[in-house]
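The values are calculated or read from the model by the stated rules, or taken from the named source; none is laboratory data. Computed from a prediction, not measured in an experiment: that's the story for all the values here. Remember, those area values only see protein heavy atoms, side chains included, never the ligands or the DNA or RNA. Shrake-Rupley method; radii C 1.70, N 1.55, O 1.52, S 1.80 Å.
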Amino acid sequence: MTTAAMPLHAPGDAPAAADGADRPPEELLLHALPDAAWLVELPARRVCAVNAAACALLGRNAAELRGAPAERLLATPEDLAWWGELRSALAAGRTPLPLDSDTVLPGADGRLRHLRRVARPLGGATATHCLVAVQDASAAKEAQARLAEALAELRATLEATADGILVTGLDGQVRGFNRRFAELWALPPELAEAGRGADVLAWMRGALCGADARHLLARAAEPALRTTERIALRSGLVLERVSQPQLSAGRTIGRVDSFRDLTERLRADDRIDALARSDALTGLPNRRQMAAQVEHAVRTMRHSGDAFALLIVDLDRFRRINDTLGYEHGDRVLRDAGERIRRGLRQGDEIARTGGDQFALLLRHADAAAAEAAATRVLDAVARPWQADGEPFTLTCSVGIALCPAHGRSADELLAHAEAAVRLAKLAGSNGLRFHQQHGGTDLRAQLQLDHAMRQALAAGRFRLHYQPQVSLADGRVVGAEALLRWRDPALGEVSPSRFIPVAEDTGFVIALGDWVLGRAVHQAARWQRSGLELPVAVNVSALQLRQPQFLDRVRNLLRDHELPPALLELELTESILLHDTDQALARLHALASTGVRLALDDFGAGYSGIGTLKQLPLHRLKLDRGVVQGLPDDARDAGIARATVQLAHALGMEVVAEGVETEAQRRFVAEAGCEVFQGFLHAPALDPMSFERRLRESQPRRARPPAPSSRHVAADATARARHLALVPPPDAR
């Protein structure tokens with residue numbers, strides 16, 4: 001039907017005059033048409049005139065097309081049938097009907113072209129000519145197909161998503177939504193199918209829990225605003241709504257709202273949070289929750305001056321209950337004891353089960369007299385007669401009391417002192433109360449016992465390291481970690497570093513303890529580095545530890561054995577290193593700095609350094625003392641010290657880390673003062689390695705999986721507890 005493409009004028013054809021004077025009128029008319037067209041002479045049905053667009057479409061020149069049978073140009077069954085009907089109509093003197101439909105034609109390049117052609121006789125029943133006009137709709141068909149495919153893909157994507165999608169125009173009217181949206185908002189089937197915009201919006205407003213729904217859909221008043229909020233529905237669902245502008249060619253044409261169902265996730269979070277903060281047996285808060293409440297009370301006390309009391313209640317000889325009546329009755333007694341104690345508390349006081357047969361009470365706004373009165377009520381409540389299976393029995397308890405701030409200024413310290421007091425109460429014969437006893441001088445017996453307990457704990461593996469994140473004030477990234485030592489003793493409970501570190505330094509045990517901490521911290525830093533978490537770990541080094549002749553070699557060997565880049569280890573030193581033999585201390589520090597490890601001066605502002613000495617130290621960081629940070633931003637003297645410290649550090653080319661940042665106001669102040677990094681409870685307490693790693697991975701982009709550790713690293717992991725040491729945390733409970 002077609003031939004290879006040829007030029008419009010065959011070699012034998014003479015080109016038409018530029019002004020068209022030599023062309024017949026019908027040809028001039030055809031050439032004025034934008035689409036392919038040719039004129040057919042009737043009744044012979046042969047082409048008598050053709051335009052250039054038709055030649056290009058059919059791939060033949062004008063000379064070939066003139067005189068050609070009309071049926072052969074488009075020889076589809078429909079065309080052949082129409083030409084036959086045309087001949088019959090003209091022979092019978094009837095007005096023929098025009099042909100107006102779509103067809104396809106193989107082009108000169110072999111591709112099918114979609115055509116829209118109209119064949120119309122000129123003159124009705126006496127027509128002598130027929131005009132055939134053909135429009136190439138291939139591009140439009142392809143665009144339409146691509147659009148249909150894109151729409152189908154978009155529709156499938158929107159229907160497959162777990163989020164409900166709502167599209168509105170700038171006038172606020174609904175333009176569309178997916179099936180998930182209808183499910184979340186429980187649209188009635190008839191409304192979802194009809195999709196009436198005003199009715200859909202009215203339904204949404206009625207589905208909200210008593211909220212003014214005018215804010216539900218952002219309007220054109222703020223076309224570029226992207227908003228995120230949580231909304232609660234009367235159905236009980238909690239949705240996260242993200243609304244953002246819909247753009248076309250850089251112009252806002254409406255908004256797209258996505259709704260995600262958070263209900264189950266929030267319920268699960270609440271269940272997990274409740275389990276993490278409560279005791280499974282009694283339903284009371286657990287030790288962790290009580291420690292958090294005490295810490296909050298300590299922070300409140302620092303600002304308001306409100307004193308409070310912490311009581312530890314220990315049931316006397318409770319083991320006999322389990323041995324005699326059985327564990328089921330024992331559990332029931334624990335639950336009932338917790339309820340008896342709770343009923344005797346004032347409004348605002350807190351109770352927790354801290355373990356075994358022990359409870360803790362937080363008495364707000366309480367002095368010694370109020371604490372003693374509360375303890376007496378507890379003693380009386382527990383001592384009331386008990387019954388099990390109809391058999392009466394007697395149960396008593398002992399109470400230890402620690403007052404804040406008189407007996408301590410941290411949760412660890414207060415818990416330790418209250419627990420020590422309850423042990424004294426039990427030693428005194430039980431069924432009584434004891435306050436924490438302040439000793440005017442050093443309790444040599446207690447120090448001896450604590451030193452022995454520490455040595456036993458190191459041998460038994462009872463020490464552990466937690467890591468407190470160090471956070472960039474510029475962008476909130478975790479840029480480092482400080483290794484902090486923790487110790488829980490079977491007899492002493494959780495022992496605060498502020499309690500055992502001074503004893504370790506006094507007895508010299510800090511050397512062995514610090515060596516263990518240093519090794520564990522380097523080991524952990526190397527594990528993190530091999531797993532793709534590359535960040536420096538800071539380790540506290542005591543002055544006595546630094547003075548050991550083998551300390552420098554110890555650091556070098558650890559870095560070599562674990563293949564840890566020196567820059568990933570930071571040694572935190574206190575100003576006390578300069579108290580003895582300053583020249584030797586400076587030489588050791590410069591030797592350490594030459595290995596590539598980072599050096600920091602801890603608790604700056606609380607010690608002995610002068611500027612003349614400070615500028616000789618090869619330090620990378622100054623750590624602003626937490627005692628200064630606690631007074632910020634209200635204490636003018638602390639504010640002045642903080643600003644001066646930052647200026648001094650920057651003048652000496654050092655970075656400043658603010659310790660003990662517990663409030664947003666403190667964070668803002670140290671950031672404005674020029675500190676680069678902060679750490680403290682505002683971001684996170686010290687975390688065990690797994691919790692720290694999990695939090696760090698959640699805050700970092702995914703990275704390529706690191707190579708598996710070598711056999712040497714596997715062996716090092718297996719023997720690390722016995723072989724390696726790491727730095728001692730400062731004597732506080734960060």
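Here are a few things to note about the model shown:
- Under 5 Å, built H, 5+ apart or other chain: amide partners of I253: Q246, L247, S248
- Sequence of I577, I272 when ordered by accessible area, the most exposed leading, probe 1.4 angstrom: I272, I577
- Under Karplus coefficients 6.51, -1.76 and 1.60, residue-wise ³J(HN,Hα) of the range 344-352 in Hz, glycine/proline x: x, 8, 7, 5, x, 6, 10, 10, 8
- For the range 475-634, the antiparallel share of DSSP beta bridges with both residues in that region comes to about 20%.
- Mean Cα-pair separation over length for the range 504-593, i.e. relative contact order, pairs under 8 Å, 6 or more apart, %: 32
- Span from the the range 505-583 Cα centroid across to the the range 231-272 one, whole angstrom: 49
- Nonlocal amide H pairs with A49, under 5 Å, H built at 1.01 Å: L39
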